[in-house]
Amino acid sequence: MAMSVMAIFYFIPDCGYSSVYNSLLSQCTPLHTGKIEVVNRLKEELVYATIKNYTIQYDQTWIFDKIHHEINQFCSAQTLQEVYITLFDTLDERLAQALQKVCNVWAPAIEILAVRVTKPRIPEQIKRNYEAMEGEKTKLLIATEAQKVVEMEAETDKKKATIEAEKKRLVSEIEMKRMIMEKEAESKVSELEDKIQSAHSRARTDASFYSAVKEAEGNEKRLTDSFIEYQRIKSVANNSKIYFGERIPNMLLSRDVN
């Protein structure tokens, strides 16, 4: 079973300056990368081969010189904003992976355990520019958040108004339905009363008609020749005066009207 030995800490005190692109000035800016700490160890079974191939100064080739190269590669591919702020937290892992990748091919005995990079230093003027820019960003962020709060409050008020309007609409709709139902009920009652009244009127009409028909039938049965003669004589007898003409049976009947 392979074992690892000799955990070694390397402090690279000064990696010098690397050139990075400054988007604020649209030009390259020197960046002092500061101190870098590299922790590595050698696999026991490969120690002799490593010393034989690269001497005891193997770290100069595969750590010191390589770390300078990787720093320059990283800085040349990124902007000052990325190196100093947005991507700085990934720099340790990037350097460790880059060193280990090369060691796996040319010096497999070396295991890179950790890389820790101090915050790079930038020129004071540019630093002040960045601080001013961050201050403005903070102000903008605060203003944006305040605007969001105002928008949220406005949206809340709008939702409240919408809910209140919807509530009133529903109440109005319910009230309208209630009134319609009452009117329909009143209409049905009125229609029923009309039907009852019509039935009563029809019944009275039918009764009157039936009475008249029966009376007519009775009168028809009474209109005999003897009854007609009786009525004629009775009518003549009721006259107060009778005037006889020159010839009989011609005569003039007259009745005084008081």
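Brief remarks on what is shown
- Some residue of segment 101-110 being touching a residue at least 40 places away in the same chain (Cβ under 8 Å), out of contact with any Lys or Arg (no Cβ under 7 Å at 6 or more places or on another chain) and outside the structural domain of residue 53 (by TED's automatic domain parsing): no
- Taking residues in segment 79-90 that are more than 18 Å from residue 116 (Cα to Cα), and partners anywhere that are in a helix (DSSP H, G or I), the pairs with Cβ atoms closer than 8 Å and at least 6 places apart or on different chains are 80/126.
- Residue match in segment 116-134 (condition: at pLDDT below 80, polar (S, T, N, Q) and more than 28 Å from residue 42 (Cα to Cα)): yes
- Selection of first residues in segment 42-58 that are in the same structural domain as residue 100 (by TED's automatic domain parsing) and in contact (Cβ under 8 Å) with a residue 12 or more places away in the chain and of second residues that are assigned to a helix (DSSP H, G or I) and polar (S, T, N, Q), restricted to Cβ pairs under 6 Å at least 6 apart or on distinct chains, gives the following pairs, ordered by first then second residue: 54/61; 58/50.
- Taken together, 142, 67, 126 contain a single residue that is in a helix (DSSP H, G or I), touching a helix residue (DSSP H, G or I) at 6+ places or on another chain (Cβ under 8 Å) and surrounded by fewer than 19 Cβ atoms within 10 Å (Cβ to Cβ), which is 126.
- When 156, 118, 144 are checked against the criterion of being of a type outside the set (Phe, Trp, Tyr) and within 29 Å of residue 92 (Cα to Cα), a single residue qualifies: 118.
- Residue list for segment 123-165, filter: under 26 Å from the mean Cα position of the chain (by Cα) and among the polar types (S, T, N, Q): 144, 147, 156, 162
- All conditions but one from (1) among the polar types (S, T, N, Q); (2) surrounded by 14 or more Cβ atoms within 10 Å (Cβ to Cβ); (3) under 30 Å from residue 124 (Cβ atoms) apply to residue 76; the one that does not is (2).
- Tally, over segment 23-57, of residues that are closer than 21 Å to residue 116 by Cα and modelled with pLDDT of 85 or more: 6
- Flag for residue 96 being of a type in the set (Gly, Ala, Ser) and not assigned by TED's automatic domain parsing to the domain that holds residue 38: no
The values are calculated or read from the model by the stated rules, or taken from the named source; none is laboratory data. All figures in this text were calculated on a predicted structure; none of them were measured in a lab. Note that we place each Cβ from the backbone using ideal geometry, even for glycine, and neighbour counts take in every protein chain shown.
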